[in-house]
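Following: one structure in structure tokens, then a few remarks.
Here, each number is a calculation from the coordinates, and none is a lab measurement. Predicted model only: the values in this text are computed from it and were never measured. Here the Cβ is made from the backbone with ideal geometry for all residues, glycine too, and neighbour counts use every protein chain on show.
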Amino acid sequence: MTKIYVAGHRGMVGGAILRQLEARRAAGEDLTLITRTSAELDLTDQMAVRDFMQTEKPDQVILAAAKVGGIIANNSYPGQFIYENLMIECNVIHQAYAAGVKKLLQLGSSCIYPKAAEQPMREDALLTGTLEPTNEPYAVAKIAGIKLCESYNRQYGTDYRSVMPTNLYGPGDNFHPENSHVLPALIRRFHEAAEAKAEEVVIWGSGRPMREFLHVEDMAAASLFVMDLDREIYARETEPMLSHINVGSGSDVTILELAQMVARATGFTGQITTDPSKPDGTLRKLMDVSRLDRLGWRVGIGLEEGIRSTYDWFLAQGLDNLRSK
């Protein structure tokens, strides 16, 4: 029997990981799955996390809990973003070690890489340049989490690993009209335009910037794949102090192409217009996934298919249930 604690099981990624673990259990794997809501366990509270770990004694920990948000939130609350994420990582990773947990997986973010990193971004780009200022506090916390895992591995012989996802989307995403990320924001805008039989949807910028997207179910599958890798195989593809693994689709699309996919999924038949007077942002952000590719994992859900299934989930929730999210 393997006892696994999933921290952050109510989030988009943590929820997908939990679903896949539940499916494994239903298929016959001898798993005990442990979860706690933030109301039940405050991961920024060192004593509470210590007591929880000492009581539950999990065999494995998957750390998908984090304080996350878009550009506005990162700019408005930088102190909260760096403090809460550092505390969550320090408490969960250290108390897992203190409770005898040998295997842990930490989920990070592609924002750990320098703003001017060469494209596609390889793992060895870490700490080679200046971070994007808008999310620097969050990125610094995530980098610290990687180094915490690596340092415990070196000193204590643990097997703590980190995965860095590209832009994620799928069931459980945030479709708020003001603070959601680009793909769920487009889904909502095109849905509302189709419902209103609007003749035009205007997207910010030139439409030329390129972005990579990964369905959350693929991210969950990749996370469990990395978690399950034999330690020797994992070590052959990584380095003790450069051990994190990029997770992405390995391909990107322009924002205009993305908008066209969303239009097809939502049934919008009007005109898509770009507004070059609005900022484009970084022209390209693509992850180099050759390390994960060599280990044997491949994407299972294509972008167009993933957008359609995400739109189906969006419709099933009902717009009224998503208005405050």
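Considering only the Cα atoms of segment 22-75, their convex hull presents on average a projected area of 5.5 nm².
The rule of thumb for compact globular proteins, 2.2 N^0.38 Å, goes into the C-alpha radius of gyration of segment 100-155 1.23 times.
Take the Cα gyration tensor of segment 34-111, multiply each eigenvalue by 5, square-root it, and list the three semi-axes largest first, rounded to whole angstrom.
Details: eigenvalues 118, 35, 21 Å².
In descending order, the three semi-axes are 24, 13, 10 Å.
Which of LYS57/LYS285; LYS102/LYS142; LYS3/LYS142; LYS67/LYS103 have a Cα-Cα distance over 32 Å? Walk me through the numbers before you get to the answer.
Working: LYS57/LYS285 39 Å; LYS102/LYS142 21 Å; LYS3/LYS142 25 Å; LYS67/LYS103 23 Å.
Beyond 32 Å: LYS57/LYS285.
With a cut-off of 14 Å between beta carbons, the residues surrounding LEU303 carry a summed charge of -4, where Lys and Arg count +1 and Asp and Glu -1.
For LEU131, the residues whose modelled amide H falls within less than 5 Å of its own, excluding neighbours fewer than 5 places apart on the same chain, are LYS115. Centre-to-centre, using Cα atoms only, segment 162-215 and segment 255-325 are separated by 6 Å. Averaging 1/r over each pair of different alpha-carbon atoms in segment 208-325 and inverting the result gives 16.9 Å, the Kirkwood hydrodynamic radius.
Of all DSSP bridge pairs formed entirely within the chain, close to 10 percent run antiparallel.
Beta bridges from DSSP with both residues in segment 187-325: antiparallel share about 35 percent, rounded to the nearest 5. For segment 254-260, 3J(HN,Hα) computed residue by residue from phi via the Karplus equation (6.51, -1.76, 1.60; θ = phi - 60°) reads 6, 4, 5, 4, 4, 4, 5 Hz, glycine and proline entered as x.
Computed from backbone phi with θ = phi - 60° and the Karplus coefficients 6.51, -1.76 and 1.60, the 3J(HN,Hα) list for segment 216-221 is 4, 5, 5, 4, 4, 5 Hz; x is used for glycine and proline.
With viscosity set to 0.692 mPa s and temperature to 37 °C, compute the Stokes-Einstein D of segment 139-219, Rh being the Kirkwood radius across alpha carbon pairs; µm²/s, no decimals.
The Stokes-Einstein estimate is 205 µm²/s.
Shown here for segment 147-237: GluC sites (Glu not before Pro) in loop regions (DSSP other than H, G, I, E, B) with at most 16 other Cβ atoms within 10 Å, namely GLU178, GLU199. For the peptides 202-211, 278-287, 14-23, the ranking by packing is 14-23, 202-211, 278-287, with the highest mean count of neighbouring Cβ atoms within 10 Å listed first.
Other residues lying with their Cβ under 12 Å from the Cβ of ALA193 contribute a combined charge of -1, Lys and Arg counting +1, Asp and Glu -1. Its residues counted as N, the chain yields a C-alpha radius of gyration over 2.2 N^0.38 Å of 1.00. Phi angles of segment 30-35 translate, via the Karplus equation with coefficients 6.51, -1.76, 1.60 and θ = phi - 60°, into HN-Hα couplings of 8, 10, 10, 9, 10, 9 Hz per residue; Gly and Pro are given as x. D by Stokes-Einstein for segment 90-243, Kirkwood Rh over Cα pairs, 10 °C, 1.306 mPa s: 88 µm²/s. Residue farthest toward the positive end of the dipole of the chain, with Cβ of Lys/Arg at +1 and Asp/Glu at -1: which of ILE255, GLY11, PHE190? Value: GLY11. With the convex hull constructed from alpha-carbon coordinates only, segment 1-142 shows a mean projected area of 9.6 nm² over all directions.
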